Structure formats: structure tokens, C-alpha cells
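Participant: Submitted below is the structure of interest, expressed as C-alpha cells.
The values are calculated or read from the model by the stated rules, or taken from the named source; none is laboratory data. Owing to the predicted nature of the structure, the values given are computational and were not obtained by experimental measurement. Cβ atoms come from the backbone with ideal geometry, glycine included; neighbour counts cover every protein chain shown.
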Amino acid sequence: MPELPEIAIFARDMQKELVGRTIARVEVLQPKCLNIPEEEFCAALTGVEILSVTSHGKWIQVQISRGWLLFNLGMGGEILLTSREHLPEKYRLVFDLADGAALAVNFWWFGFAHFVARLADHPMVGKLGPHALDLSLDEFHTLLSGRRGAIKAFLLDQDRIAGIGNVYIQDPLFRAKIHPLRPIQTLTGDEVATLWQALRDTLQESIRLGGAPFELNLYGQKGGWNTSFLVGYREGQPCPVCDAPITKIKTGSTSSYICPSCQPLEPK
Ligand SMILES: [Zn+2]
């Protein structure tokens, strides 16, 4: 499932390739992924110029001359810059550009391609928490202060902080020696600072390496952030710090990989 790094990479590459280009035609094969009727969606996007592409958490925000085109890849998907002659086998939408190129969008299961006139009007994007990499340490402290409940569930809640999912949460909690179920109010200032730094380092390292290898980028290439997990998805293997076996535990609706010795639920 794409998270902040993969989506940020799409936005960066789309900004580089698409700004100034015009959408000439839209083909929709999965109208259910739209937020408005297909005819309205196609009419809104036909003939518009692409002004900028940015990301906020797991959303790609394409600013066009008439408003915003928003993508969310859901459990996974591809946005491929190609041509009509070289369309991929599977796609749900195609945006034909006036210069002959085509942007083919596929969702593995289900995703969103939405049009809104104003970002603030969008029911999901309008209430997203701050983009995880935009938060200063002070802002991160403020976000957590007075909060109750488990730290992991809070960090995965896109309305609190946007961009972190179950892949990129694993190692930062380990690096900060924090059990995923630790109540937020029990975290010390030092733990919060270490967690903030570890989140930044993990997300930025993945962006630098091209994102996760199970996702393709705008050019159809795989990311290179693959063998970097310390504890994530390494059940049974030795902890890189203390050699205790890494354990997979249930944390609400998600799974977590932890070192039970480095990340005790009750800190000493
Ligand atoms: Zn350990």
C-alpha cells in the first residue's frame, strides 16, 4: 500500500513532467472511483492545463486551471506516463494529453480519482492532518499533548497526521524503543523527540531510494527501499540491537513487528 514516500515521489515526478501540459480527453473504465458522474468529471477535466502537482499524506493533488484533480491509490496502483500505443494491460482511467502522451491510472483493488473546485471542499482531503514531513518537533509535541490512546493508532489516523501507514510505522517505533500500544500520555519528551526524528529519517530515506519495491513509479520502475527494515516484517529474526527474536503482534486492526525486549509495553 503506497504511503507518504511513494506518493511524494509520484507528485515530484508528475510536477516535473506534467506542468504546463493540457488534458485533451479522459477515458473512465471504473466510474465508481469518481466522486461525481462520469460525464461531469470528463467535462470538468477536458481542455484544462496542469498547473502544479503536490502531495498531502497519501493523496496526490493535481492543480488544474479549473480546480483540483485528486488521486488516492488505495491498497496500491500505478500512474504511468506513457502513450495510447503503449497502454498497460490493466488501467481504470486514461488522461490523454494534447501532445499525444497519456497518463494511465490503475488501482489494484479500488482507489479514488476525484474532481473538486476547492481543496477545502473535499470530504477527506479537507480534514487531513498535517503532512507528516512538514511537522516540526514542536508541532509534533503539540499534536500529541493531551492525547490519550495508543501511539500507533494515533499516528496511523490520517485526520491526525497524514502519510504514515502500517509499513513505515514499524521501524520508527522500534528506533524510539516505543511499544505500539503505549498510551500517548506515558511518552517522555525524549521519546517523542526520538520518534519524530526516526519517522523523518525513515520517510526521507525511502524517498531517497525511490520508495518501496512493490510499487512502480511514473516511469514503471520499482523503488529501491527494500532491505531497509530493522524489525518490520522480520518475525522470528534476531533484533539488530539485542538479538531477542522479533515478534509479530496484533495491535487493533493492524499487525506490528516489535522487539519485546527493546520495546516493552511497561517502560522500566
Ligand atoms: Zn531488541
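Participant: Confirm whether ILE258 is at negative phi, in contact with a Gly (Cβ under 7 Å, 6 or more places away or on another chain) and touching a residue at least 12 places away in the same chain (Cβ under 8 Å).
Facilitator: Values: at negative phi: yes; in contact with a Gly (Cβ under 7 Å, 6 or more places away or on another chain): no; touching a residue at least 12 places away in the same chain (Cβ under 8 Å): yes.
Taking the combined requirement at face value, the residue does not satisfy it.
Participant: When residues of region 198-226 are filtered for being closer than 14 Å to ALA132 by Cβ and in contact (Cβ under 8 Å) with a residue 40 or more places away in the chain, how many remain? Break it down stepwise before answering.
Facilitator: Here is the first cut: in region 198-226, the residues closer than 14 Å to ALA132 by Cβ are 198-207.
Those left that are additionally in contact (Cβ under 8 Å) with a residue 40 or more places away in the chain: 199-200, 203-204, 206-207.
Going through region 198-226 one residue at a time, the tally reaches 6.
Participant: Which residue, of PHE71, PHE95, PHE115, PHE110, is more than 20 Å from the chain's Cα centre (by Cα) and either part of a loop (DSSP other than H, G, I, E, B) or touching a residue at least 12 places away in the same chain (Cβ under 8 Å) (or both)?
Facilitator: Numbers: PHE71 fails: more than 20 Å from the chain's Cα centre (by Cα); PHE115 fails: more than 20 Å from the chain's Cα centre (by Cα); PHE110 fails: more than 20 Å from the chain's Cα centre (by Cα).
Within the list PHE71, PHE95, PHE115, PHE110, the selection yields PHE95.
Participant: Considering LEU143, LEU137, LEU119, which residue is more than 16 Å from GLU3 (Cα to Cα) and either assigned by TED's automatic domain parsing to the domain that holds LEU51 or among the aromatic types (Phe, Trp, Tyr) (or both)?
Facilitator: Numbers: LEU143 fails: either assigned by TED's automatic domain parsing to the domain that holds LEU51 or among the aromatic types (Phe, Trp, Tyr) (or both); LEU137 fails: either assigned by TED's automatic domain parsing to the domain that holds LEU51 or among the aromatic types (Phe, Trp, Tyr) (or both).
Sole residue among the options that is more than 16 Å from GLU3 (Cα to Cα) and either assigned by TED's automatic domain parsing to the domain that holds LEU51 or among the aromatic types (Phe, Trp, Tyr) (or both): LEU119.
Participant: Moving on to the next point. Tally time: how many residues in region 118-149 are part of a helix (DSSP H, G or I) and either among the charged types (D, E, K, R) or in contact with a strand residue (DSSP E or B) (Cβ under 8 Å, 6 or more places away or on another chain) (or both)? Spell out the reasoning first.
Facilitator: Initial filter on region 118-149 (part of a helix (DSSP H, G or I)): 119-121, 125-127, 132-134, 137-144.
Next, only the ones that are either among the charged types (D, E, K, R) or in contact with a strand residue (DSSP E or B) (Cβ under 8 Å, 6 or more places away or on another chain) (or both) stay: 119, 121, 125, 127, 132, 134, 138-139.
Residues in region 118-149 being part of a helix (DSSP H, G or I) and either among the charged types (D, E, K, R) or in contact with a strand residue (DSSP E or B) (Cβ under 8 Å, 6 or more places away or on another chain) (or both): 8 in total.
Participant: Going by the conditions given, is GLU89 under 30 Å from ALA24 (Cα atoms) and in a loop (DSSP other than H, G, I, E, B)?
Facilitator: Yes.
Participant: Condition first: more than 16 Å from the ligand (Cβ to nearest atom) and surrounded by 14 or more Cβ atoms within 10 Å (Cβ to Cβ). Can you find one or more residues in region 229-245 that meet it?
Facilitator: No: region 229-245 contains no residue that is more than 16 Å from the ligand (Cβ to nearest atom) and surrounded by 14 or more Cβ atoms within 10 Å (Cβ to Cβ).
Participant: Which of the residues belonging to region 14-39 are out of contact with any strand residue (DSSP E or B) (no Cβ under 8 Å at 6 or more places or on another chain) and either in a helix (DSSP H, G or I) or hydrophobic (A, V, I, L, M, F, W, C) (or both)? Lay out the reasoning, then the answer.
Facilitator: Within region 14-39, the first condition is being out of contact with any strand residue (DSSP E or B) (no Cβ under 8 Å at 6 or more places or on another chain), and the residues that meet it are 16, 31-32, 37, 39.
LYS16, PRO31, LYS32, GLU39, listed by residue number.
Participant: Can you tell me which residue among LYS222, LYS250, LYS268 is more than 16 Å from the ligand (Cβ to nearest atom), modelled with pLDDT under 95 and charged (D, E, K, R)? Explain how you work it out, then say what you get.
Facilitator: Values: LYS250 fails: modelled with pLDDT under 95; LYS268 fails: more than 16 Å from the ligand (Cβ to nearest atom).
One residue alone meets the criteria, LYS222.
Participant: Here is a list: ALA176, ALA193. Which entry is modelled with pLDDT of 95 or more, within 16 Å of the ligand (Cβ to nearest atom) and surrounded by 14 or more Cβ atoms within 10 Å (Cβ to Cβ)?
Facilitator: Numbers: ALA193 fails: within 16 Å of the ligand (Cβ to nearest atom).
Just a single option satisfies the conditions, and that option is ALA176.
Participant: Something else: Go through region 109-142 and give me each residue that's more than 27 Å from VAL48 (Cα to Cα), surrounded by fewer than 19 Cβ atoms within 10 Å (Cβ to Cβ) and hydrophobic (A, V, I, L, M, F, W, C).
Facilitator: Listed by number, the residues that qualify are TRP109, LEU133, LEU137.
Participant: How many of the residues making up region 97-108 are surrounded by fewer than 20 Cβ atoms within 10 Å (Cβ to Cβ) and either of a type in the set (Phe, Trp, Tyr) or assigned by TED's automatic domain parsing to the domain that holds GLY163 (or both)? Explain how you work it out, then say what you get.
Facilitator: Initial filter on region 97-108 (surrounded by fewer than 20 Cβ atoms within 10 Å (Cβ to Cβ)): 97-101, 108.
With either of a type in the set (Phe, Trp, Tyr) or assigned by TED's automatic domain parsing to the domain that holds GLY163 (or both) added as a condition, the list becomes 108.
Qualifying residue count, region 97-108: 1.
Participant: Does region 16-28 include one or more residues that are aliphatic (A, V, I, L, M) and under 30 Å from ALA132 (Cα atoms)?
Facilitator: Quick first cut of region 16-28, residues aliphatic (A, V, I, L, M) only: 18-19, 23-24, 26, 28.
From what's left, under 30 Å from ALA132 (Cα atoms): 18-19.
Within region 16-28 (the criterion being aliphatic (A, V, I, L, M) and under 30 Å from ALA132 (Cα atoms)), the answer is yes, since at least one residue qualifies.
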